[in-house]
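Enquirer: Can you keep this structure in mind? I'll have questions shortly.
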Amino acid sequence: MRVAAFWTWVLLGCFMGMGCAQAPLSMLPPQGPGAAGIADLWWVLFWATGIPAVAVILFTLFLFLRRRRPDPDRLVVGDDAFIIGGGILLPAAVIAILLTTSVRTGGEVAHPSREPALTIDVIGHQFWWEVRYPAHQITTANEIHVPAGEPVRLRLASADVIHSFWVPRLHGKIDTVPGKVNTFWIEADRPGAYRGQCAEFCGVQHALMGFWVVASPRASFEAWLADHRRPAAEPATEAARRGRAVFEDAGCSVCHVVQGHTDPTAGQTAGPDFTHLARRRTLGAARLPNDREALAGWIQDPHAFKPGVRMPATALAPGDLHDLLDYLEGLR
Ligand SMILES: [Cu+2]
């Protein structure tokens, strides 16, 4: 029975360890200089606390197995050297190592190795991320495109409550606080897609407030910028043209901006910008893949995918829905 329990724990530990190394939200295979510093610190903490913990457990076991009947004539209270060494010096040394390495790492990862050339504004909303490129007049959502191998400055703010921005493979967490702008940076060593997540409980759909950081070589990043600076494409078909009217009539444009199509003076910030919606990989802050089926399901009942989401369900006639989908899929 005990043997079975032991091996169950060992196996469970292995599975959890494997999960850590592969899950997209794991910080253990770091893929940027910020995360690398944090991962190094993680290993120092692991060994500096793991070795003493195992030693204490083994020592307790040893004493337990060697226990004898107490001899009332020989009540030994303790060995002074053992108490001073094991009870004061060893813990003091371990704590000193933990303190100095964590303070040093904190200083090292606070700033990038060189001045970032690009600044991106990230605004946390319940329950999605607004992303702005102030120098390029680009607004998008839940997807942050960056050049690989370059530090990028982030300015983080919140539209409502406290959220926390976290891309575990690239760097640590930083809160977005209402009324305050926090400056941070990220850098990806190599091109790739890195999963991010809100890391501060912010309401019912906190757990589904995800995003992606997409790092590409400088040239492809420049192409992305150029594409996204353009206003929305004109509807290419008759159905898409009707869909544009549905978008207005159904009230979508009250919360969603389509640059060049919706009223530029309305100042909507309640929902994600749709100027290039069809190019994003996900819908609903990394909740669904961005395809026609998911789009149709989401529009008719977003609460089925994110209960409590800040968007109303919209009942549309099948023809109107079809036209609206054609319009949205044309926003490339
Ligand atoms: Cu949140």
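Enquirer: Would a scan of segment 155-172 turn up a residue that is more than 16 Å from the ligand (Cβ to nearest atom) and open to solvent by 40 Å² or more (accessible area, probe 1.4 Å)? Give the derivation first.
Expert: Restricting attention to segment 155-172, the residues satisfying the condition of being more than 16 Å from the ligand (Cβ to nearest atom) are 155, 169-172.
Still in the running and open to solvent by 40 Å² or more (accessible area, probe 1.4 Å): 155.
Within segment 155-172 (the criterion being more than 16 Å from the ligand (Cβ to nearest atom) and open to solvent by 40 Å² or more (accessible area, probe 1.4 Å)), the answer is yes, since at least one residue qualifies.
Enquirer: Go through Val181, Val177, Val204 for me and flag whichever is open to solvent by 20 Å² or more (accessible area, probe 1.4 Å), hydrophobic (A, V, I, L, M, F, W, C) and touching a Pro at 6+ places or on another chain (Cβ under 7 Å). Lay out the reasoning, then the answer.
Expert: Details: Val181 fails: touching a Pro at 6+ places or on another chain (Cβ under 7 Å); Val177 fails: touching a Pro at 6+ places or on another chain (Cβ under 7 Å).
Sole residue among the options that is open to solvent by 20 Å² or more (accessible area, probe 1.4 Å), hydrophobic (A, V, I, L, M, F, W, C) and touching a Pro at 6+ places or on another chain (Cβ under 7 Å): Val204.
Enquirer: Out of all the residues in segment 105-124, which are open to solvent by 40 Å² or more (accessible area, probe 1.4 Å) and farther than 19 Å from Lys173 by Cβ?
Expert: Ser113, Arg114, Glu115, Ala117
Enquirer: A follow-up question, please. Which residues, counting only those in segment 190-204, are part of a loop (DSSP other than H, G, I, E, B) and either touching an Asp or Glu at 6+ places or on another chain (Cβ under 7 Å) or more than 10 Å from the ligand (Cβ to nearest atom) (or both)? It would help to see each step written out before you state the result.
Expert: First, the residues of segment 190-204 that are part of a loop (DSSP other than H, G, I, E, B): 190-191, 199-204.
Result: Arg190, Pro191, Glu200, Val204.
Enquirer: Which one of Arg244, Arg287 is open to solvent by 50 Å² or more (accessible area, probe 1.4 Å) and closer than 20 Å to Trp212 by Cβ?
Expert: Numbers: Arg244 fails: closer than 20 Å to Trp212 by Cβ.
So the residue among Arg244, Arg287 that is open to solvent by 50 Å² or more (accessible area, probe 1.4 Å) and closer than 20 Å to Trp212 by Cβ is Arg287.
Residues checked against (1) within 16 Å of the ligand (Cβ to nearest atom); (2) under 21 Å from Leu331 (Cα atoms):
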site	(1), (2)
Gly179	no, no
Ala188	no, no
His206	yes, no
Phe211	yes, yes
Pro217	no, no
Trp224	no, yes
His228	no, yes
Arg241	no, yes
Ala245	no, yes
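Enquirer: Also, I was wondering about something else. Output the number of the condition that Ala219 fails; it satisfies all remaining conditions of (1) of a type in the set (A, V, I, L, M, F, W, C); (2) more than 26 Å from His125 (Cα to Cα); (3) not in a helix (DSSP H, G or I).
Expert: (3)
Enquirer: Tell me which residues, restricted to segment 156-182, are closer than 28 Å to Pro29 by Cβ, in a strand (DSSP E or B) and not hydrophobic (A, V, I, L, M, F, W, C). Before the answer, list the steps.
Expert: Pass one, segment 156-182, residues closer than 28 Å to Pro29 by Cβ: 156, 163-176, 182.
Among the residues that remain, those that are also in a strand (DSSP E or B) are: 156, 163-166, 173-176, 182.
Selection gives His163, Ser164, Lys173, Asp175, Thr176, Asn182.
Each row is one residue, and each column tells you yes or no for (1) open to solvent by less than 20 Å² (accessible area, probe 1.4 Å); (2) over 24 Å from Ala193 (Cα atoms).
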{"position": "Thr265", "(1), (2)": "no, yes"}
{"position": "Ala270", "(1), (2)": "no, yes"}
{"position": "Arg281", "(1), (2)": "no, no"}
{"position": "Ala296", "(1), (2)": "yes, yes"}
{"position": "Gln300", "(1), (2)": "no, yes"}
{"position": "Pro307", "(1), (2)": "no, yes"}
{"position": "Ala317", "(1), (2)": "no, yes"}
{"position": "His322", "(1), (2)": "no, yes"}
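Enquirer: Here's a follow-up. Report the residue count in segment 125-153 for those that are buried (at least 19 other Cβ atoms within 10 Å of the Cβ), away from the ligand (no atom under 16 Å from the Cβ) and among the aliphatic types (A, V, I, L, M).
Expert: 4
The values are calculated or read from the model by the stated rules, or taken from the named source; none is laboratory data. None of the values given here were measured: they were computed from a predicted structure. So basically every Cβ, Gly included, is an ideal-geometry build from the backbone, and we count neighbours across all protein chains shown. Just so you know, the surface numbers come from the protein's heavy atoms only, side chains and all, with ligands and any DNA or RNA stripped out. Shrake-Rupley method; radii C 1.70, N 1.55, O 1.52, S 1.80 Å.
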